[in-house]
Amino acid sequence: MTIILRDRLSAVTQIINIEVAIFTSFNFHGDFFEQNILPTLFGLDSNETQAMREQRVHRGLLHTRVGVFCDRSKIQPSRKAYRYSIYPIFVEGSIFHPKNVIIVGRDTQGRLWFYIATMSANLTLSGWGRNCEGFADTWIHSRQEQPALALGEFLGWLKSKAIKTGKTDALEKALALHAELRDRRIWEDPEGAPWKDKENLRLYFSPHHKSMWSFLREQYGSSITDVKAASPYWGESDQIAIELLNVCIHLVAAPMPPSMKAVNLGADTVNKLFPSNNIDIAQWSDDKGRFHHVKLYEIKFKNFTHKIIGIGSCNFTQPGQFWRHSDRSFGNVESMIFDVNKLDWPPTKSLDVGTLPPTSKDDEQPKLWPFNVCVQYDWKTKNFAWRLEGNIPDGSVSLNLCNGSKPIKLANHLRSGEKADKNMSRVFILRWKAEPPLEGCVTEVNLDHSTESYGNPIAAHDILDSWLAGAIVEPCPPSKDMDPPTDEEDPEASDIGEQEQENAQVFDSFKFYQALNIILAKIHALSSDRKQLVEWLIGRSDSILSMATAYRNGRAEKATEWIVLHECLSLMSRHKRNNPEVGAHVKELEVSYQKLTNIVIKEIKSDLESRGKNSKKARGLLEWYDNKFKSTSSENGA
Amino acid sequence: MFAVTLEDRSLSLALSGRDPLGIMPIWQHRARDIVPFLTAASRLAEGFHILLIGLAWWPVFATIHKRPKQDIVKFFLLLEQAFARATRCNGEFEWKLPGAKRLYSGESGVWIGLRSEHFLLDNQQTNGVWGLYRGPALNAKLIDASNQICNPTLESEIKAKTRFIEALFTSINSAITSSPLQVAEIAKYRTKFIVGALSNLISELPFKRTIRDNFVSPTQPEITRLLAALALEQKADSEIASFIDLAIDRYPAHSSVLRNILRCEHYLAPLEAIFEYICSYHGRYLTEAANSIPIDLAEIMKARDDFQRDDYQRPLPNQGLSKIRSDLLLKFRLDSSRTLIESVLNHHLEISKARRNAPWVCVGESGRLDCRLSVRTPPEEQLSPWTAWRNSYYIDTLRGLSRQISPVRSK
């Protein structure tokens, strides 16, 4: 069977209402993930403009918690702010290598489902677009199933790697939902497949087992007689040879790009695995230059009737197959799904032993510093927290949070810390001795308290026009990815310069209150629909928050800004209690509002003085208006 | 489910964005010498018709139903839906404007509505007629910034010839005012008068002369009219380069303007192909790409010198950006294939940085090229200034529109 990964993800998202999505990967390209995977997760039309797709992704992330776990050495974060958490994982002397999609949600009958896919595809364009990858998936409903147990343990293991996790973040939410799984099985999964069909399905996560082989023997209760395995990478194999002694082995190697001539399987591995010289090896046939990154196993057992197929992240290497491959060291974090299943293997061709390189290659081992620094930012407490993982062999490390504050010193005796500060860039820089500096990715937690601006802002006049028109169509934000609008662009698309110009224009209070009235009625009608309410308050490009932000960042008269902020704040404050996402922004707006009030009072004072009036009454005057506004707003909004 | 994956080409495209070297402002600036108002997306006379009809009738509708001026967009989107669904209902010809996919997979009959699922496109306002055709009409001064038709005679003529639009007013008003927003039914079957009236208008294009006079044969520049006439002489579209060569022969008085187009493209097109060549070397070293790229540096140098002779006299809003970008391209080092490739790559990195985007391709930690796109090696002719061609200069739009509304066709 063949699939396009994105089509499969799209199909799954249409089956259940997604509450949480967790992705694991070795490599992670932020731009790729944000531009391709997240839009698919939220069912977006690929014909949309990039700016609109981004806007809708931001809206989706308001409601669905997303977390990405990947190896700390292979992250390319994007420069844009998105409301999801990236957890760089450090496993001393080893790598974090599983490639999973874990989706949690409810079907139309409100039944809770966990969907899990194990793959060989990383969260990169190569993984999801170019390579030939392996893919296996299943639905979990009952805690009695082995995959449910394995997944619960794995989520717990992931939690142990984070400094802290927010209660509403993806991982904690997934764990909480996992605890809600029922004992009883359901006859069919949401796609209509009977549960009996998957009674032999097993989910493997390496940190909970000695090795993939020991796991297989435990689960299928019999000794292995035949193994057919395909892998792009090969390596040290002493322990594999012992494990598979007297097992009939057939290996398939992958021609490596760009030449697609050489393979990574070396003579050393072949000699160890085929001591009797009965060598049985092949390579993938050429598929228009595509790299076969698939890790595929077919296993026969002595007393188990069926062949078992395994697909996931385990390369045919010791770290790939053995979690404990010696007394002291761990293998890679890996995941696989095994099941009785038929799969047509892609075509292979013969591989001449004489053409093999002398030694096998495992290109996936990163060459990085032997320690790691984990940095988190908690939006709830507005605190950074950091932790040294492993030991610094020599000297100390300087941690720069890239927010203008002084670098922090870390050493083996100074391993962790915490401080309140602003999260400015979502990246940090580490310096160690004369090594080139390393860029790391800050893990953001408690994202429902984030006050970050997501997406490109639209101009105040566009928001006003949208409100006046009943906000039927969400205005498309301008794209910052391109040059300023050229002949090809929508002539209505405005850039930031235009926004500032607009804000400098005369404030039409009649128009503003007319628009506000329309939007108040709209929001009032939505008060029982939390999801939509939050979008109208802070999620849409023409939300109440967007209006407040447009004026805060603009060049309007301070009195105008005060009026707009006053109204927006008043409206948002009514909904802060049940919506922490809104509450976080209200807190921030209140600070601005207070500062602005003082400025406006000063302006009134100076005006009164210039007219020879008593300037001491300035504050009282504004307070009088404030009270009048409050009573009007509450009457209107009731 | 167990499976192996297939290549996902649309995925690569979605990431690709466009214009990695930031040259679009340059060729667009140059294109305005010959096609002053059209854009690549405003290629159908139907779009201009719906725009003009909508704007002509909006003041009447607003007065009758006392709708505020901001309802103009709602009115227009609903009218566009009525035209589209009537065309489908009639079934004699296809709806060629944006939205066909959703139109033909949706409910039959003629109905209109303002909920997201009623729209012809995810963002009908931006990606439909309103977003694509207003800009060119505004630039041609056919309409003004307040969405009024500039010529009152034209407005009267449009209204006189499309009186049946008034029959839609009640449905449009009902779609705007219903709460919650509801569908307004207009017709179920093609036999109803309004279906024929709306779809016949799309088929007959009664205001094609206005479209022709403004976009295809404007008074100024004269070369636009001449190029449109030349396009009509040709049975099928020739390649743009040979079309311009032919025009230079035919209209020597305009040769300098036309040669500017050639000079511009002779330098830009190979640079874009060189960039693609670099991308296609994903996983390999830059030196390998430099050693194997089949380019003739002397030819590219000649193209650069010609490009430098080009002038930027005509003022345009984006002239500044166009000039800045062309100056950057002129600084490329052409000492060797290696320096040229490095210049192209560095230029792309600068453009990406300015846009705050991750680059499509860069040199990774291992010294190998790391490209995030699936790019095929461009054919050799795309790397030579004299055979490469990439950009349309809106000539395609001009030729297509010219044929669609030619006086010959109307006979």
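Just so you know, all these numbers are worked out from the coordinates, no wet-lab data involved. All figures in this text were calculated on a predicted structure; none of them were measured in a lab. Backbone-built Cβ (ideal geometry, glycine too); neighbour counts: all protein chains shown.
In table form, for the structure just shown:
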quantity	calculated
Spin-label model distance (nm) - residue B:386 vs residue A:106, 7 Å beyond Cα toward Cβ	7.2 nm
Local electrostatic count at residue A:605 - Lys and Arg +1, Asp and Glu -1, tallied over other residues with Cβ under 12 Å	+3
Quotient of C-alpha Rg and 2.2 N^0.38 Å, computed over the stretch A:52-139	1.25
Sorted largest first, extent of the stretch A:224-378 alpha carbons per principal axis (Å)	53, 42, 30
Cα centroid of the stretch A:355-413 to Cα centroid of the stretch A:301-319, whole Å	34 Å
FRET efficiency for residue A:594 and residue A:427, using Cβ-Cβ distance with R0 set to 22 Å, rounded to 0.05	0.10
Sum of side-chain charges, residue A:355 neighbourhood, beta-carbon under 13 Å (Lys, Arg +1; Asp, Glu -1)	+1
Residue-by-residue Karplus 3J(HN,Hα) for the stretch A:520-527, coefficients 6.51, -1.76, 1.60, Hz, glycine and proline x	4, 4, 5, 5, 4, 5, 9, 4
Average projected area [Cα convex hull, the stretch A:30-100], square nanometres	5.0 nm²
Distribution of pairwise C-alpha distances over the stretch A:300-426, 5 Å bins, in %	2, 7, 11, 11, 12, 12, 11, 9, 8, 6, 7, 4, 1, 0
Partner lysines for residue B:323 [C-alpha distance under 22 Å; skip if fewer than 8 residues away on the same chain]	A:480, B:302, B:331, B:353
Estimated [θ] at 222 nm from DSSP helical runs (n ≥ 4, -39500 (n - 2.57)) normalised by residues in chain A, nearest 500	-9500 deg cm²/dmol
Shape of chain B, Cα gyration tensor, a/c cut at 1.5	prolate
Proximal charge balance of residue B:103 [Cβ under 9 Å; K/R count +1, D/E count -1]	+4
Cα gyration tensor, the stretch A:199-311 - rounded (a/c under 1.5), prolate or oblate	prolate
Pair residue A:391, residue B:291: separation of 7 Å Cα→Cβ label points (nm)	4.5 nm
The stretch B:1-130 shape via C-alpha gyration tensor axes, a/c threshold 1.5	oblate
Semi-axes of the equivalent ellipsoid for chain A, Cα gyration tensor, largest first, Å	54, 26, 22
Cross-link partners of residue A:167 among lysines (Cα-Cα below 23 Å; sequence separation of 8 or more within a chain)	A:159, A:380, A:382, A:419, A:422, A:531, A:576, A:587
Cα-based reach from residue A:342 at 23 Å (exclusive), listing lysines while leaving out same-chain residues under 8 positions away	A:99, A:196, A:198, A:228, A:295, A:300, A:302, A:307
Choice from B:121, B:271, B:181 with maximal GNM fluctuation in chain B (Cα, 10 Å cutoff)	B:181
P(r) tail fraction, the stretch A:143-259 - alpha-carbon pairs more than 19 Å apart, %	65 percent
Relative contact order (%) - criterion: Cα under 8 Å, at least six apart; region: chain B	26 percent
Using θ = phi - 60° and Karplus 6.51 cos²θ - 1.76 cosθ + 1.60, couplings along the stretch A:147-156 (whole Hz; Gly, Pro as x)	x, 5, 5, 4, 5, x, 5, 5, 4, x
Chain B - mean residue ellipticity at 222 nm from DSSP helices (-39,500 (n - 2.57) per run, n ≥ 4, rounded to 500)	-16500 deg cm²/dmol
